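Asks: Okay, handing you the structure first.
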Amino acid sequence: MEFIKVDNVKFHYDIDEEPGQQPAVNVLDGISMSVEKGEFVALLGHNGCGKSTMAKHFNALLLPSEGKVYVDGMDTSDEEKCYDIRKKVGLVLQNPDNQLVASIVEEDVAFGPENLGIEPKEIRRRVDDALKKVDMYEYRLHAPYKLSGGQKQRVAIAGIIAMEPDCIVLDEPTAMLDPRGRDEVMSTIKKLNKENGITIVLITHYMDEAVMADRVIVMDKGKILTEGNPHEVFSKVELLKKHRLDVPQATELVYQLRAMGVKFERMPLDEEECVEMLREVLK
Amino acid sequence: MMRDVTLGQFFPGKSILHRLDPRMKIALLVAFIVLIFCTGNYFSLAFTAIIVALTVFFSGVPTKMYLKSVKTIIFIVIFTSVLNLLYGTGDVLWSWGFLKITTGGIRNAVFVTVRIISLILVSSSLTFTTSPTDLTDGLERILKPLGIFRIKVHEIAMMMTIALRFIPTLLEETDKIMQAQKARGADMESGGIVKRVKALIPVLVPLFVSAFRRAYDLATAMECRCYQGGSGRTRMKSLHLTAVDFKVLAFMIFVACSVILLNIFL
């Protein structure tokens, strides 16, 4: 079932119409895509390609200048539906420090459900449940500033889960984390998708993270460059390189070996697959 | 240098003070402060001082922390008590030029010292034993009636919550910026007061810029979490008064009566 539908969306920031000024540049330039329920989609692209702007369209923080975005059948430009949409689509931002509101972990997680006007008992249940899902339950009485980056980001994710959304959009959630924090956050995201059936839209510029998704959408200069499952997308090494995008290291290695004449049937995505393929070739 | 700020510091625990409802604690604190200033003679003053000592003792917070908070105002205490000592009326005990110490002066000095220190100790016991969120929550609920005067109580409480939440974050950031500026050759430790204040400008400017950026991010995050102000909002922890609250209230009434009786009869 189609959960989010983006229909030919264009977006530009408002600038004053003064003589001599350049016309507004479209940050999003005719984007159409859809996200199915329960899917794990990665939105990949360079800085400034419009992927974060796209993220803010998914929960009505920004409204398209042209075109429409539908969330579960609701038009995001319908003001009355704004909070219903935000209840269904949660957004996690890049900097974990800036999105925590309260000085105690569990009270921060309770912030969302409190805003929805839910009964105290039910809030308690949701908060405990959300903290357990991200493995932060034993830290529920800690102060956020004493946690590591990865832990803080998981608390931020718990704060969204406690609102029980159908879909979580994560805008470069690992960009400010160390490798360990990145692993923690990524495995939490995967678990939420596989075990709890939450739809995930992961916005990232790390190829190795995009590989984990069911589907990858590559954006460049406000347009969709290509999309498909990770194998399909990362097989197009030339196309990606032409737009200054990297491919995962394993793919890169096989690509270079192919160019030197070694025969491989397909492109690997991670090290394990690559090792397996190299072993076969070397036999 | 930035690490030892005791503002908003909270020590989790299970003492009787920790178990009190924050609304009761705030109300009792205000009442007790009034009481401290109602003491009329040495007996009632000593009595309130003993109550303060008991509060400190039973709060389950390391006494070291209380000493730390008294240390920050020790200058004010000394200054006011010396002034009081010299500007009193009554029998002159000692004089030198225009300076004279009188019996009234000694009395005033003792009173002002005990009162200020008591004031600091009981207020510290409130912040030490109440989590910042409980504190703002309690304040919000106590001040709720002010809503009829169109005072936005929820918004004020929200601002306090956020301010308390960001104090450690911004302190850490200040430290980082100072180090970054020092690495570029900024000199913050030498020179007169004017030079030192001027040296802070390159620290404050980036700090402000980043604080605004954080505020913008936080507003976005709050919107994502459906924040729409105070109306229609529920709370996870509902506050309710328990037996402990009423016992402590009864004790406070007893203390207040005792102080009044001591004032009258001794």
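The values are calculated or read from the model by the stated rules, or taken from the named source; none is laboratory data. Please read all numbers here as calculations on a predicted model, not as lab measurements. Cβ sites come from the backbone with ideal geometry, for glycine too, and all protein chains shown count toward neighbours. Heavy atoms of the whole protein, side chains included, go into the accessibility calculation; ligands, DNA and RNA do not. Shrake-Rupley method; radii C 1.70, N 1.55, O 1.52, S 1.80 Å.
Asks: Would you please give the residues with an amide H less than 5 Å from that of A:M219, counting only those at least 5 places away or on a separate chain, with H modeled from the backbone geometry?
Replies: A:L44, A:G45, A:L225
Asks: For B:K64, which aspartates and glutamates qualify as cross-link partners when the Cα separation must be under 16 Å and same-chain residues fewer than eight apart are set aside?
Replies: B:D4
Asks: Quick one: length gained pulling A:R258 to A:N229 fully straight, 0.36 nm per residue minus the C-alpha distance? Present the calculation step by step, with values, prior to reporting the outcome.
Replies: Numbers: separation 29, 0.36 × 29 = 10.44 nm, distance 2.14 nm.
Between A:R258 and A:N229, full extension yields 8.3 nm more.
Asks: Oh, and also: So which aspartates and glutamates pass the test for B:K152, namely a Cα distance under 12 Å, with those fewer than 8 places away in the same chain ruled out?
Replies: Hits, sequence-local ones excluded: B:E140.
Asks: Continuing with the same structure: In segment A:2-229, carbon and sulfur make up what percent of the accessible area (probe 1.4 Å)? Don't skip to the end; give the middle numbers.
Replies: On the way: 4130 of 9310 Å².
Carbon and sulfur together cover 44 percent of it.
Asks: Enumerate the calculated ³J(HN,Hα) couplings along segment A:194-206 in order (Karplus 6.51 cos²θ - 1.76 cosθ + 1.60, θ = phi - 60°), each rounded to whole Hz, writing x wherever the residue is Gly or Pro.
Replies: These are the phi-based 3J(HN,Hα) values: 6, 8, 10, x, 7, 5, 10, 10, 9, 9, 7, 10, 8 Hz.
Asks: Please list the helices of chain B that count as membrane-span-like by this rule: a mean Kyte-Doolittle hydropathy of at least 1.6 together with Cα atoms stretching 30 Å or more along the helix axis, each helix being a complete DSSP H run.
Replies: Details: long enough: B:63-86 (32 Å, 1.38); B:103-129 (39 Å, 1.27); B:153-183 (44 Å, 0.35); B:201-224 (35 Å, 0.99); B:243-265 (33 Å, 2.22).
Going by DSSP H runs, the hits are B:243-265.
Asks: At 0.36 nm per residue, minus the direct Cα-Cα distance, what do B:V34 and B:S190 gain on full extension? Give it in nm, one decimal, please.
Replies: Values: separation 156, 0.36 × 156 = 56.16 nm, distance 4.45 nm.
Between B:V34 and B:S190, full extension yields an extra 51.7 nm.
Asks: Tell me the total accessible area that A and B bury against each other, 1.4 angstrom probe, in square angstrom rounded to 100. The partial results should precede the final answer.
Replies: Numbers: alone 14720 and 17270 Å², together 28820 Å².
That pair of chains buries around 3200 Å² in total.
Asks: Return one whole number: the accessible area per residue of chain B in Å², for a 1.4 Å probe. Walk me through the numbers before you get to the answer.
Replies: On the way: 15610 Å² over 266 residues.
Result: 59 Å² per residue.
Asks: Enumerate the amide H contacts of A:E39 below 5 Å, restricted to partners 5 or more residues apart or on another chain; note that Pro and chain-start residues carry no placed amide H.
Replies: Hits under the 5 Å cutoff: A:I200.
Asks: If you take the beta carbon distance between B:S258 and B:I106 as r and set R0 to 25 Å, what does 1/(1 + (r/R0)^6) give as a FRET efficiency, to the nearest 0.05?
Replies: 0.50
Asks: Could you work out which residue, out of A:K121, A:K223, A:K133, moves most in a Gaussian network model of chain A, that is, has the largest mean-square fluctuation with Cα springs under 10 Å?
Replies: A:K121
Asks: Compute a Gaussian network model of chain A, connecting alpha carbons closer than 10 Å, and tell me which residue from A:E39, A:E252, A:E119 fluctuates the most.
Replies: Among A:E39, A:E252, A:E119, the largest GNM mean-square fluctuation belongs to A:E119.
Asks: Now a separate question. So which residues in segment A:40-87 end up with at least 20 square angstrom less accessible surface once the other protein chains are there, compared with the chain by itself, probe 1.4 angstrom?
Replies: Listed in order, they are A:K56, A:L61, A:Y83, A:R86.
Asks: Put simply, what bits of segment B:131-157 lose 30 Å² or more of accessible area when the other protein chains are there, versus the chain on its own (1.4 Å probe)?
Replies: Those are B:T133, which lose 30 Å² or more relative to the chain on its own.
Asks: Can you tell me the FRET efficiency between B:I16 and A:A24 if r is taken as the Cβ-Cβ distance and R0 is 51 Å, rounded to the nearest 0.05? If you can, show how the numbers build up before the last one.
Replies: Numbers: r = 63 Å, r/R0 = 1.24.
After rounding, the FRET efficiency stands at 0.20.
Asks: Share of segment B:117-266's accessible area from carbon and sulfur, percent, 1.4 Å?
Replies: Working: 6060 of 8590 Å².
Result for segment B:117-266: 71 percent of the exposed heavy-atom area is carbon or sulfur.
Asks: Can I ask one more? Mind checking which of A:A110, A:A55, A:A143 has the largest fluctuation in a GNM of chain A, springs on alpha carbons under 10 Å?
Replies: Taking springs between Cα atoms under 10 Å, the residue moving most is A:A143.
Asks: To continue, here is another question. Is there a pair in A:K10/A:K223; A:K10/A:K56; A:K146/B:K68; A:K121/B:K237; A:K10/A:K88 whose C-alpha atoms are over 18 Å apart, and which pairs would that be? Don't jump to the answer; show the numbers that get you there.
Replies: Values: A:K10/A:K223 10 Å; A:K10/A:K56 13 Å; A:K146/B:K68 22 Å; A:K121/B:K237 9 Å; A:K10/A:K88 23 Å.
Beyond 18 Å: A:K146/B:K68; A:K10/A:K88.
Asks: Right, another one. Students often get this wrong: which residues of segment A:211-230 have the backbone nitrogen under 18 Å from the point 7 angstrom along Cα-to-C-beta of A:H46?
Replies: It comes to A:217-227, nothing else.
Asks: Moving on. Give the lysines whose C-alpha is closer than 19 Å to that of A:K283, dropping any in the same chain fewer than 8 places away, or say none.
Replies: Those lysines meeting the cut-off are A:K263.
Asks: A follow-up question, please. About the Cα centre, and with charges only on the beta carbon of Lys, Arg (+1) and Asp, Glu (-1), how big is the dipole of segment B:140-210? Nearest 20 debye, please. Provide the component values of the computation, followed by the final result.
Replies: Details: 11 positive and 7 negative charges, 46 e Å.
Result for segment B:140-210 is approximately 220 debye, rounded to the nearest 20.
Asks: Same structure, new question: If you roll a 1.4 Å probe over the heavy atoms of the protein chains, what accessible area per residue do you get for chain A, in Å²?
Replies: Details: 13210 Å² over 283 residues.
Value returned for chain A: 47 Å² of accessible area per residue.
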